[in-house]
Amino acid sequence: MKVEEEIRDIFSHMRGVIEAYQDIGLGPPPLSADTLRFLSPDQSTNPVLNIRNATQPEDNSDQQIHPASLEGLREHIGNCERCKLHQSRTHLVYGEGSPVAKLVFVGEGPGVDEDLAGRPFVGKSGKLLTKIIEKGMGLTREEVYICNVVKCQPPKNRDPEKDEIEACVPFLKKQLQSINPEVICCLGRVACQALLGSGFKITLERGKWRSYEDIPLMPTFHPAYLLRNPSAKRQVWEDVKMIMKRIGLEVKTNG
Ligand code: URA
């Protein structure tokens, strides 16, 4: 047997093992991002490891993302040009915080400040969110995870469009799968609809527990809405207190 054939056999076997894992509902075995990329179906440029092409159609869609770690996923996303938002962005805003956070906040998409900084929620809305996390919950930003539905700023701060959300939401879902938090807090309509469906009505349905992939999810108002409607802060505080109880934080009665 030629060396090339032998290598092909070995990797073909490994692919079979990975697929068997997936067939019984397990994630792939813990291989490094590099190895998974090496084994990925898109080996058309690799003359030795063109494993699947002969028998099965390629599926390079982001619904089939392999990387199990947040870092691996960031690498997979790369210098993304999957939707038109890349044309006007300064930085892709991936998300930040603890990879083992109990609580993940999901916003809509970066604004001007976030686009410039490459970090989520650092502008006016971000300052309010930080206050909620630090003063309200007694946590730090580093202890939670903060990310968005779309990773690049929509021009003029418009809402992200359907095609942009569809291109980016697989990455949000993979981030959530990787972190597997105890609670997800969706900030505003866009985040809620991305995870709960387009029928979700934020004004009617905020403050009531929902779930995403068996993870409890609390829908609440976006901090930008609170800046425009300060009286809604009371409702958000009620939602935040429910989250705190759920993740085992002490809620001070006069808080
Ligand atoms: N608004 C969002 O939804 N996300 C950010 O990161 C900043 C503002």
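Laboratory data are not the source of any read-out in this text; all were calculated from the coordinates shown. Note that the coordinates shown come from a computational prediction; the quantities given were computed from them, not determined experimentally. Here Cβ is always computed from backbone atoms with ideal geometry, including for glycine, and neighbour counts include all displayed protein chains.
Peptides 116-122, 240-246, 74-80: what's the order by average Cβ count within 10 Å, highest mean first?
Values: 116-122: 20.1, 240-246: 17.9, 74-80: 14.3.
Going by the mean number of other Cβ atoms within 10 Å, highest first, we get 116-122, 240-246, 74-80.
What length, rounded to one decimal in nm, is gained on full extension from Gln177 through to His91, with 0.36 nm per residue of separation minus their alpha-carbon distance?
On the way: separation 86, 0.36 × 86 = 30.96 nm, distance 2.38 nm.
That pair, Gln177 and His91, stretches by 28.6 nm at full extension.
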Review point. Can you work out the base-10 log of I(q)/I(0) for the range 125-255 at q = 0.14 1/Å, using the Debye formula on its C-alpha atoms alone?
Key: -0.63
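For every other residue with a beta carbon closer than 14 angstrom to the beta carbon of Val183, add +1 if it is Lys or Arg and -1 if Asp or Glu, then tell me the sum. Don't jump to the answer; show the numbers that get you there.
On the way: positive: Lys102, Lys208, Arg210, Lys241, Lys245, Arg246; negative: Glu143, Glu182, Glu213, Asp214, Asp239.
Around Val183, the surrounding residues sum to +1.
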Practice item. Per residue of the range 167-173, in order, report the coupling 6.51 cos²θ - 1.76 cosθ + 1.60 (Karplus, θ = phi - 60°) as ³J(HN,Hα) in whole Hz, putting x for Gly and Pro. Key: 6, 9, 5, x, 6, 4, 4
Exercise for review: List, in order, the whole-Hz ³J(HN,Hα) value for each residue of the range 72-83 obtained from phi through the Karplus relation with A = 6.51, B = -1.76, C = 1.60 and θ = phi - 60°; use x for Gly and Pro.
Suggested key: x, 5, 4, 4, 4, 5, x, 8, 4, 10, 6, 9
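How charged is the neighbourhood of Asn79? Take every other residue with its Cβ under 13 Å from the Cβ of Asn79, and add Lys/Arg as +1 and Asp/Glu as -1. Spell out each step's value before the answer.
On the way: positive: Arg74, Arg82, Arg89, Lys151; negative: Glu75, Glu81.
Surrounding charge for Asn79 is +2.
If you take every residue apart from Lys124 with its C-beta less than 13 Å away from the C-beta of Lys124, what net charge results, scoring Lys and Arg +1 and Asp and Glu -1? Intermediate values should be presented prior to the final figure.
Working: positive: Lys127, Lys131, Arg228; negative: Asp113, Glu114.
Value of the local net charge: +1.
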